[in-house]
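Accompanying notes for the structure given below.
Derivation of every value follows stated rules applied to the coordinates shown; laboratory data play no part. A quick note: this is a predicted structure, and the numbers were derived from the prediction, not measured. FYI the Cβ positions are ideal-geometry reconstructions off the backbone, even for glycines, and counts take in every protein chain you see.
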Amino acid sequence: MISTKGLEKEIAKFNRADRIQDELVSEMNKVGLAIVADIKDNTPIGETGFLKKGTDFENAYKDGKDVALPVYNNVEYAAHVNYGHRTVSGGYVPGTYFFTGAEPIGKEMVKRAVEKVIEKVNAE
């Protein structure tokens with residue numbers, strides 16, 4: 001005979017982990033909105049404002065044990081403005097780091113989101 005005695009705690013741990021991950025997906029979408037807003041606030045406008053409009057995020061999703069939140073700018077020249085680039089005349093235009101500058105803020109937002117979710121699930 002095979003006994004399942006004691007497995008209830010292990011099953012509860014798995015259920016809790018799934019619950020945390022589900023809650024975190026929801027919370028990360030809020031983080032995505034805030035990160036995109038920060039990036040757009042720091043994006044140079046230029047003549048058209050097209051670069052600012054190109055920043056967005058996809059909904060957060062489960063990726064194995066992780067939660068992914070893709071944030072992107074789909075404008076062809078975004079990396080050149082962010083990191084800097086050479087000019088045809090041999091000069092150099094320094095980067096504005098509008099996109100990578102949001103990374104420390106984003107990391108802090110993610111940390112707070114994880115703490116909030118864990119606190120919420122532990123309270124249940």
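Using only alpha carbon pairs under 8 Å that are at least six residues apart, calculate the relative contact order of the chain and give it in whole percent.
Normalised by residue count, the contact order of the chain is 27 percent.
Efficiency by 1/(1 + (r/R0)^6): what FRET value for V93 and A68, r their Cβ-Cβ distance, R0 = 41 Å, to the nearest 0.05?
0.80
Nearest 20 debye, what's the magnitude of the dipole of the chain about its Cα centre given +1 on Lys and Arg Cβ and -1 on Asp and Glu Cβ?
My answer is approximately 200 debye.
Between 0 and 90 degrees, rounded to the nearest ten: what's the tilt of helix 7-42 against the longest Cα principal axis of the chain?
Tilt relative to the chain: about 20 degrees.
Return the FRET efficiency for the residue pair I118, E58: r is the Cβ-Cβ distance, R0 is 25 Å, and the value is rounded to the nearest 0.05.
In this case the efficiency is close to 0.55.
In degrees, nearest 10, range 0 to 90: what is the angle between the Cα axis of helix 103-123 and the longest Cα principal axis of the chain?
That works out to roughly 20 degrees.
Working out 0.36 nm times the residue gap between D18 and A34, then minus their Cα-Cα distance, what length gain in nm do you get to one decimal?
3.3 nm
Rounded to the nearest 0.05, what FRET efficiency do Y83 and I45 have when you use their Cβ-Cβ distance and R0 = 25 Å?
0.85
Just how many pairs of Lys in region 7-123 have C-alpha atoms closer than 21 Å, counting pairs that are eight or more places apart or on different chains?
So the count of such lysine pairs works out to 29.
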